[in-house]
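Inspection log for the structure reproduced underneath, given as structure tokens.
The values are calculated or read from the model by the stated rules, or taken from the named source; none is laboratory data. Note that the structure is a prediction, hence the values are computed from the model and not measured. FYI the Cβ positions are ideal-geometry reconstructions off the backbone, even for glycines, and counts take in every protein chain you see.
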Amino acid sequence: MDRSLIDSSMPSLVVGHVPSNVRSIEYRVFDGEPQPSAMGFHIDPEPFDGKVVAVTDDAIIVKNGRAEFAVLDRSLVTTIPDDGAKVHVQPYARRRFDGLRADTPEERTEHTADGTPFTVKTYILGAAPAKLPIPLPKCPELKDFIEQLEEMPAPDGFRRITHMLVDAGARDFTWVDPEPSKIIETPPAISFTVSTAKFEGRVTLLYDRGMDVYVVELHRDGELIERLGEVYFDSLGDVLHRLVDDGSWCLIHLSVLDAKASRQRRPVTA
């Protein structure tokens, strides 16, 4: 979607949907690119309702405020609505393995001096972690491996590798947490199942201590489908993206709230 074209055409596209006493409009563009905040960090947009006021070859314009609009990349929406339809829009938001948004505040229970429990919620601006569902390991190399998956960026620069795994439907995690003396014969490993248009099956990530590299294995129905050795830590995100990330995560889920007809869009693959 050409943002410069949107900028120049927006006034004419929405002219009939702005109160006469309004001198300026506001709009946000949803085209698969990260949404920056005023402070410079990426944010995950909230779902919203609105009314479709224009449908072009490239964009769907939704009014969601008195003089506020959302510009949706037409190639990314899951349903093409009719002009005038009332819709619910759910842009992509990073998520955790428990299904909650990754920017959900962390909760913990603490106690007052007399033992009364109370809940503390912690929210760090710009933070949207997706922690692996694996307990703290005793093997230092496995601990480092987990931290790398949680902190290293995916190729899109918005998600971390663990967000990419969430989007790939990663589940049924198992892991190998060896004693230091057995790290060569029993390599640290993390295994999980994914289901995407690119691959459906079991993914195993092993750490080769001798070469200080990772090995990525794909299994389906117990059979080894592909094995990639000598994967360095800084290329792990690219390798997993190529093997399991089908691109459907960036689709904008749009549902029509009234009875107007709409055209369903099939998911894209990357």
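Select, from Lys131, Lys121, the only residue that is of a type in the set (Lys, Arg) and either at pLDDT 90 or above or not in a strand (DSSP E or B) (or both). Explain how you work it out, then say what you get.
Numbers: Lys121 fails: either at pLDDT 90 or above or not in a strand (DSSP E or B) (or both).
Testing whether each residue is of a type in the set (Lys, Arg) and either at pLDDT 90 or above or not in a strand (DSSP E or B) (or both) leaves just Lys131.
Among the candidates Glu106, Glu68, Glu141, which residue alone is under 30 Å from Val14 (Cα atoms), charged (D, E, K, R) and in contact with a strand residue (DSSP E or B) (Cβ under 9 Å, 6 or more places away or on another chain)? Lay out the reasoning, then the answer.
Details: Glu106 fails: under 30 Å from Val14 (Cα atoms); Glu141 fails: under 30 Å from Val14 (Cα atoms).
Only one candidate qualifies: Glu68.
Looking at the range 87-110, is at least one residue part of a strand (DSSP E or B), buried (at least 16 other Cβ atoms within 10 Å of the Cβ) and touching a Gly at 6+ places or on another chain (Cβ under 9 Å)? Let's see the steps before the verdict.
Of the residues in the range 87-110, the ones part of a strand (DSSP E or B) are 87-90, 95, 101, 106-110.
Filter again for buried (at least 16 other Cβ atoms within 10 Å of the Cβ), leaving 87, 89, 95.
Restricting the remaining residues to those that are touching a Gly at 6+ places or on another chain (Cβ under 9 Å) gives 87, 89.
Taking every residue of the range 87-110 in turn, at least one turns out to be part of a strand (DSSP E or B), buried (at least 16 other Cβ atoms within 10 Å of the Cβ) and touching a Gly at 6+ places or on another chain (Cβ under 9 Å).
So, in the range 1-25, exactly how many residues are of a type in the set (A, V, I, L, M) and free of Cβ contacts under 8 Å to residues at least 24 places away in the same chain?
Taking the range 1-25 first, the residues of a type in the set (A, V, I, L, M) are 1, 5-6, 10, 13-15, 18, 22, 25.
From what is left, the residues that are free of Cβ contacts under 8 Å to residues at least 24 places away in the same chain are 15.
Looking only at that region, the number is 1.
Looking only at the range 26-64, which residues are assigned to a loop (DSSP other than H, G, I, E, B) and hydrophobic (A, V, I, L, M, F, W, C)? Let's see the steps before the verdict.
Going residue by residue through the range 26-64, those that are assigned to a loop (DSSP other than H, G, I, E, B) are 31-34, 37-41, 44-47, 56-58, 64.
Hits for the range 26-64 are Ala38, Met39, Phe41.
Which residues, taken from the range 26-58, are in contact with a helix residue (DSSP H, G or I) (Cβ under 8 Å, 6 or more places away or on another chain), more than 16 Å from Val15 (Cβ to Cβ) and either of a type outside the set (Val, Ile, Thr) or free of Cβ contacts under 8 Å to residues at least 40 places away in the same chain (or both)?
Residues satisfying the conditions are Asp31, Gly32, Asp58.
Please indicate, with yes or no, whether at least one residue in the range 143-152 is under 17 Å from the mean Cα position of the chain (by Cα), without any contact (Cβ under 8 Å) to a residue 60 or more places away in the chain, exposed (fewer than 14 other Cβ atoms within 10 Å of the Cβ) and under 18 Å from Leu236 (Cβ atoms). Outline the logic, then answer.
In the first step, residues of the range 143-152 are kept if they are under 17 Å from the mean Cα position of the chain (by Cα); the result is 149-152.
Within this subset, residues satisfying the condition of being without any contact (Cβ under 8 Å) to a residue 60 or more places away in the chain are 150-151.
Now narrow it down to the ones that are exposed (fewer than 14 other Cβ atoms within 10 Å of the Cβ): 151.
Restricting the remaining residues to those that are under 18 Å from Leu236 (Cβ atoms) gives 151.
Within the range 143-152 (the criterion being under 17 Å from the mean Cα position of the chain (by Cα), without any contact (Cβ under 8 Å) to a residue 60 or more places away in the chain, exposed (fewer than 14 other Cβ atoms within 10 Å of the Cβ) and under 18 Å from Leu236 (Cβ atoms)), the answer is yes, since at least one residue qualifies.
Six or more apart or on different chains, Cβ atoms under 9 Å: show the pairs whose first residue is in the range 155-170 and within 17 Å of Ile252 (Cβ to Cβ) and whose second is hydroxyl-bearing (Ser, Thr, Tyr) and outside any helix (DSSP H, G or I).
Listed by first residue and then by second, the contacts come to Phe158/Tyr92; Asp167/Tyr92; Asp167/Thr196.
Inside the range 65-85, can you point out the residues that are surrounded by 16 or more Cβ atoms within 10 Å (Cβ to Cβ), assigned to a loop (DSSP other than H, G, I, E, B) and in contact with an Asp or Glu (Cβ under 9 Å, 6 or more places away or on another chain)?
Ala67, Arg74, Leu76, Ala85
Here is a check on your reading of the model: is Val244 touching a Lys or Arg at 6+ places or on another chain (Cβ under 6 Å), surrounded by 18 or more Cβ atoms within 10 Å (Cβ to Cβ) and either within 30 Å of Gly84 (Cα to Cα) or modelled with pLDDT of 95 or more (or both)? It would help to see each step written out before you state the result.
On the way: touching a Lys or Arg at 6+ places or on another chain (Cβ under 6 Å): yes; surrounded by 18 or more Cβ atoms within 10 Å (Cβ to Cβ): yes; either within 30 Å of Gly84 (Cα to Cα) or modelled with pLDDT of 95 or more (or both): yes.
Taking the combined requirement at face value, the residue satisfies it.
Looking at the range 168-214 only, could you name the residues that are at pLDDT below 95 and at positive phi?
Correct list: Asp212 only.
Say whether the condition of being over 23 Å from Gly157 (Cβ atoms) and surrounded by fewer than 15 Cβ atoms within 10 Å (Cβ to Cβ) is met by at least one residue in the range 25-37.
Applying the first criterion (over 23 Å from Gly157 (Cβ atoms)) to the range 25-37 yields 25-27.
Cutting the leftovers down to surrounded by fewer than 15 Cβ atoms within 10 Å (Cβ to Cβ) gives us 26.
Yes, that holds for at least one residue.
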